[in-house]
Structure formats: structure tokens, C-alpha cells
Amino acid sequence: VLRQISEETRQRAERTWWVLLDEANLSPMEHYWSDFVRFTDPESERTLRLGGPDEILTLGTGPRFVATINYDHTTEPLSPRIIDRAAIIRLRPAGVPAG
């Protein structure tokens with residue numbers, strides 16, 4: 001998907017892409033997601049370096065990332081760095097009052 005987004009950006013044919021990370025905090029997000037966290041800054045360079053000198057992807061403004069998490073004793077807590085840069089929507093089970 002990231003290569004396709006990069007190719008569309010290069011061809012100036014960008015569209016919106018939604019990428020879903022399901023159960024994203026089963027391992028520490030701050031470690032595997034660190035290259036993407038900087039994309040929350042509008043002035044950041046929207047490129048990813050994959051390893052080799054010729055392996056650079058330009059992602060433009062098309063990709064949107066959505067993550068689901070379970071927040072309990074079985075999962076990694078979200079770091080303040082991630083929480084500060086994310087829009088968080090909390091869902092409660094039906095019948096459980098807010099508060």
C-alpha cells in the first residue's frame with residue numbers, strides 16, 4: 001500500500017487511503033510507529049526511508065491511519081507521545097454509563 005501511495009504521489013494522482021491497524025497496542029506503538037508519528041506535524045517531510053539509499057517513499061497527504069486498541073491489563077499502554085498526537089475516541093459497552 002505504501003509503495004502504491006508513493007507512486008500516486010509521484011504521478012500527482014493522489015487520493016485518500018485509509019489504513020487500519022487493528023489491535024495496534026499489542027506491542028509498543030511508539031517503537032514500530034515512530035517513523036509515522038512525525039506525519040502529525042503538517043510541516044514534516046512526508047517521506048519514509050526503507051533501508052537502501054534508493055528506497056525512499058514519498059507519501060504526500062493521502063494516507064490516513066486509524067488504529068483500534070483494547071485498553072486493559074493485557075496490552076501495552078499508549079505513551080504520552082502517541083496520546084498527544086492522536087485523536088482518541090473511547091467506546092463503552094452498551095448500558096455502561098459515562099463517567
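The values are calculated or read from the model by the stated rules, or taken from the named source; none is laboratory data. Just so you know, these numbers come straight off a predicted model, no measurement behind them. As a convention, Cβ positions derive from the backbone with ideal geometry for all residues, glycine included, and neighbour counts pool all protein chains shown. SASA here: full protein model, heavy atoms, side chains in, ligands and nucleic acids out. Shrake-Rupley method; radii C 1.70, N 1.55, O 1.52, S 1.80 Å.
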(message) Output wanted: per-residue J couplings in Hz (rounded whole) for segment 22-31, from phi through Karplus 6.51 cos²θ - 1.76 cosθ + 1.60, θ = phi - 60°, x for Gly and Pro.
(response) 8, 6, 5, 9, 5, 10, x, 4, 4, 7
(request) Could you work out the longest stretch of the chain that avoids the GluC sites (Glu not before Pro) located in DSSP loops with at most 16 other Cβ atoms within 10 Å? (result) 56-99
(request) Among DSSP beta bridges lying fully in segment 2-99, give the percent that are antiparallel, nearest 5. (result) 40 percent
(request) Could you please state how large a percent of the accessible area of the chain is carbon and sulfur, counting protein chains only and using a 1.4 Å probe? (result) 52 percent
(message) Give me log10 I(q)/I(0) at q = 0.13, 0.16, 0.19, 0.21 Å⁻¹ for segment 1-83, Debye formula, one equal scatterer per alpha-carbon, no solvent.
(response) -0.48, -0.70, -0.92, -1.06
(request) Treat every Asp and Glu Cβ in segment 39-99 as -1 and every Lys and Arg Cβ as +1, leave all other atoms uncharged, and give the resulting dipole magnitude about the Cα centre to the nearest 20 debye. (result) 320 debye
(message) What distance in nm separates the two pseudo spin-label positions at Thr74 and Thr16, each 7 Å out from Cα along the beta-carbon direction?
(response) 3.3 nm
(message) If you build the convex hull over the alpha carbons only and average its shadow over all orientations, what do you get for segment 56-99? Give it in nm² to one decimal.
(response) 5.6 nm²
(message) Quick query: amide H of Leu21 versus all other amide H atoms, modeled in the peptide plane; which residues come in under 5 Å with a sequence gap of 5 or more or a different chain?
(response) Val66, Ala67, Thr68
(message) With a 1.4 Å probe and all protein chains kept in place, how much accessible area does Val19 have, in Å² rounded to the nearest 10?
(response) 40 Å²
